[in-house]
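Readers should treat all values here as calculations from the given coordinates under stated rules, not as data from a laboratory. What you see is a predicted model, and the numbers here were worked out from it, not measured in a lab. Cβ coordinates were reconstructed from backbone atoms using ideal geometry, including for glycine residues, and neighbour counts include every protein chain displayed.
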Amino acid sequence: MARVQLELPEKFFYSTTMQVRFTDVNPSGHVGNDQMISLLSSARYSFFQYLGLEDTNDVGGCTLVVTDLVTSYRAESFAEETLRFELGLTDFNKYGADVIFRVTKDINTLVTLAKTGFVFLDSNKKVCPVPEAFLKLLPKDMRPWPLGQTPT
């Protein structure tokens, strides 16, 4: 069976660490799929906070919504280990982008590669273009296009 292939960004712009809690471990003794998804969500939240995005429900009049999740597990992680989450943005389009995660432990033991896609929705729950307010939060070298322009 073919494994999921994720393209990593040229640069990860943010990293954070989290210690695996005993409650993150499943009966098999390692971090389960459901808990890894929770840890990824926490890392994404921290990333958006770091960018200055205080509320994903009001981003220039739109709401940021996660559209999909892909994970590729490479190693187990266990209680009391410290995981490092590196995050970057890729695959921008008119309506959203992907957050890419590289999760490691120890000295660069790859645990998980993952991505979550996201789009923006207007008040009518219709997909809307990436708000300028979101682009302004990004460092210039992370912006997919110049401010004031939207791809066609």
Could you give the C-alpha radius of gyration of the chain expressed as a fraction of 2.2 N^0.38 Å, taking N as the number of residues it contains?
-> 1.10
Say a paramagnetic label sat at a point 7 Å from the Cα of Thr16, along Cα to Cβ; which residues of the stretch 33-57 have their backbone N under 17 Å from it?
-> 35-57
Simple spin-label model, 7 Å along Cα-to-Cβ: Arg84 to Val127 in nm?
-> 3.6
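Could the peptides 132-140, 87-95 be put in order, highest first, of the mean number of other beta-carbon atoms found within 10 Å of their residues?
87-95, 132-140
Of the peptides 109-118, 61-70, 40-49, how do they stack up when ordered by the mean number of other Cβ atoms within 10 Å, highest first?
Put in order of decreasing packing, that is 109-118, 40-49, 61-70.
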Between the stretch 128-145 and the stretch 14-38, how many Å separate their Cα centres?
-> 31
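All other residues with a Cβ under 15 Å from the Cβ of Val130 taken together, and with Lys, Arg as +1 and Asp, Glu as -1, what is their net charge?
Working: positive: Lys94, Lys126, Lys136, Arg143; negative: Asp58, Asp91, Asp98, Asp122, Glu132.
Local net charge: -1.
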One would report the Cα pair-distance distribution of the stretch 11-94, bin width 5 Å, in %, as 3, 12, 20, 23, 18, 12, 7, 4, 1
Extending each Cα 7 Å along its Cβ direction at Asn57 and Thr23, get the distance between those two points in nm, one decimal.
-> 2.3
Relative contact order for the stretch 14-133, counting Cα pairs under 8 Å that sit 6 or more residues apart, in percent = 29
Taking the Cβ of Glu81 as the centre, find all other residues whose Cβ is under 13 Å away and add up their charges (Lys, Arg: +1; Asp, Glu: -1).
-> -1
Gln5/Asp68 FRET efficiency (R0 22 Å; Cβ-Cβ; nearest 0.05) | 0.90
Helical mean residue ellipticity (222 nm; -39500 (n - 2.57) per DSSP H run of 4+; nearest 500) of the chain | -5000 deg cm²/dmol
Report, to the nearest 10°, how far helix 33-51 tilts away from the longest principal axis of the Cα atoms in the chain, using its own Cα long axis and a range of 0 to 90°.
-> 40
In the neighbourhood of Asp141 defined by beta carbon distances under 15 Å, the net charge of the other residues (Lys, Arg +1; Asp, Glu -1) is +3
